[in-house]
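The values are calculated or read from the model by the stated rules, or taken from the named source; none is laboratory data. Quick caveat: nothing in here was measured; it's all calculated off a predicted structure. Here the Cβ positions follow ideal geometry from the backbone for every residue, glycine too, while neighbour counts run over all protein chains shown. SASA here: full protein model, heavy atoms, side chains in, ligands and nucleic acids out. Shrake-Rupley method; radii C 1.70, N 1.55, O 1.52, S 1.80 Å.
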Amino acid sequence: MDVKKQKFGVLADGTKVHLYTVSNGRMSFSCTDYGCTLTSIIVEGKKRRPVEVLLGYSTLEGYLNSKYCFGAIVGRFANRIGKAKFELNGTKYSLDKNDGPNTLHGGFDGYDKMLWKGKKVCTENAAGVCFKRISPDGEQGFPGNVEIEVQYMLDENNNLTCSYRAVTDRATPINITNHAYFNLEGKGTVEEHTLVMNSNKILEVNDKLIPTGNLLEVKDTPFDFTAEKKIGKDIKSVGVGYDHCYVTEMYDPENEHCGVPLQDSDLVDFCTVKAPSSGIEMSVYTNMEGCQFYTGNYIKGIIGKNGQLYQNHDAFCLETQAFPDSPNKEEFPSCILKPGQEMRCKTVYSFY
């Protein structure tokens, strides 16, 4: 296992930005301390042909000028918070309205535009990078100084593990995820990819994509992926594409401790995606209760990596996370991290 560090570019204030590349000889990934961003994942497909399965940019400038969070960490609260406000312990908090009347991925000052501190990590069976930063009290409108740690590790079995850790000095909503855009063919639409999910329910949303609080059964609807089917089979039936939170098997409404994972709990097998031409498969395992399935509905016309022109539905995202708008939904698992607690979330992307 090997970890290489090199210069990726320079910010306007002269700060150097670095790129790390990790390889096990059959698979590799790259990431940068700008936005704690995964910039590349290369996997062997049929006939051992290397395939770039991650959308993004070839240069730092691409990420500096992008609003799409390609491969980046999003927080302090990923996904949406309705009406850009919430109340906690009797105090009302106002957030950025950067998604109509709502807050999306933390607001205008996203984690994807912040510089993290990176460090190489090597163990007996894996190698990768650990990124850290402190989100100060009041950043994006959220309370508490929060110390956040994100670790990307690759092992010999082509498992890319994303681990998220956080501690706080004040109670605060927390929801950290990676916004990777995948295409297991390396180009073109993902509508021919097949997908199967271990999920019987999604969160019902209103016309602004804010959860109503209800969970809906997917059976006999366009949202049903409990049996393997093509991503594009019913995509026209759901509007511009999928952008919905699926419920994982971690969700247990009878468990009073259901909510922010406070320890390294067992992971559940959430889904498997297959690409017919490349032969590449990806399975997702997590200890989070929700996963936002998004089909790149608004990336048409973007010039990405190596000059590639991206179109809508040229990627899918599987953003493991807490339920969106949970700061405003008492019926949802709690997303509140308290002083003295340690959040430990984990997601594994396994490639075959």
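Results, tabulated for the structure shown:
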item: Residues of region 36-57 satisfying the condition of being within 24 Å of G75 (Cα to Cα) and outside any strand (DSSP E or B); result: C36, V53, L55, G56, Y57
item: Sole exception among (1) touching a strand residue (DSSP E or B) at 6+ places or on another chain (Cβ under 7 Å); (2) farther than 21 Å from C162 by Cα; (3) at pLDDT 95 or above for V240, by number; result: (1)
item: Residues satisfying the stated conditions in region 14-39, i.e. within 15 Å of S350 (Cα to Cα), open to solvent by less than 50 Å² (accessible area, probe 1.4 Å) and not hydrophobic (A, V, I, L, M, F, W, C); result: S23, N24, S28
item: Residue match in region 244-264 (condition: under 21 Å from the mean Cα position of the chain (by Cα), under 19 Å from C69 (Cβ atoms) and open to solvent by 30 Å² or more (accessible area, probe 1.4 Å)); result: no
item: Any hit, region 277-297, residues being open to solvent by 10 Å² or more (accessible area, probe 1.4 Å), among the β-branched types (V, I, T) and modelled with pLDDT of 95 or more; result: no
item: Residue among L88, L95, L55, L64 that is closer than 26 Å to F182 by Cβ, buried (at least 16 other Cβ atoms within 10 Å of the Cβ) and aliphatic (A, V, I, L, M); result: L55
item: Selection within region 58-81 - in a loop (DSSP other than H, G, I, E, B) and not hydroxyl-bearing (S, T, Y); result: N65, K67, C69, F70, G71, A72, G75, R76, A78, N79
item: Subset of region 105-136 [open to solvent by less than 80 Å² (accessible area, probe 1.4 Å) and hydrophobic (A, V, I, L, M, F, W, C)]; result: M114, L115, W116, V121, A126, A127, V129, C130, F131
item: Residues within region 82-135 that are under 22 Å from the mean Cα position of the chain (by Cα), part of a strand (DSSP E or B) and of a type in the set (A, V, I, L, M), tallied; result: 7
item: Residue identified as over 18 Å from N287 (Cβ atoms) and either in contact with an Asp or Glu (Cβ under 9 Å, 6 or more places away or on another chain) or small (G, A, S) (or both) among K229, K274; result: K274
item: Complete set of residues in region 1-13 that are open to solvent by less than 50 Å² (accessible area, probe 1.4 Å) and more than 11 Å from Y34 (Cα to Cα); result: V3
item: Residue satisfying all of: in region 67-82; in contact (Cβ under 8 Å) with a residue 24 or more places away in the chain and more than 21 Å from L337 (Cα to Cα); most open to solvent (accessible area, probe 1.4 Å) among these; result: Y68
item: Residues of region 155-175 that turn out to be assigned to a loop (DSSP other than H, G, I, E, B) and either open to solvent by 40 Å² or more (accessible area, probe 1.4 Å) or of a type in the set (F, W, Y) (or both), as a count; result: 4
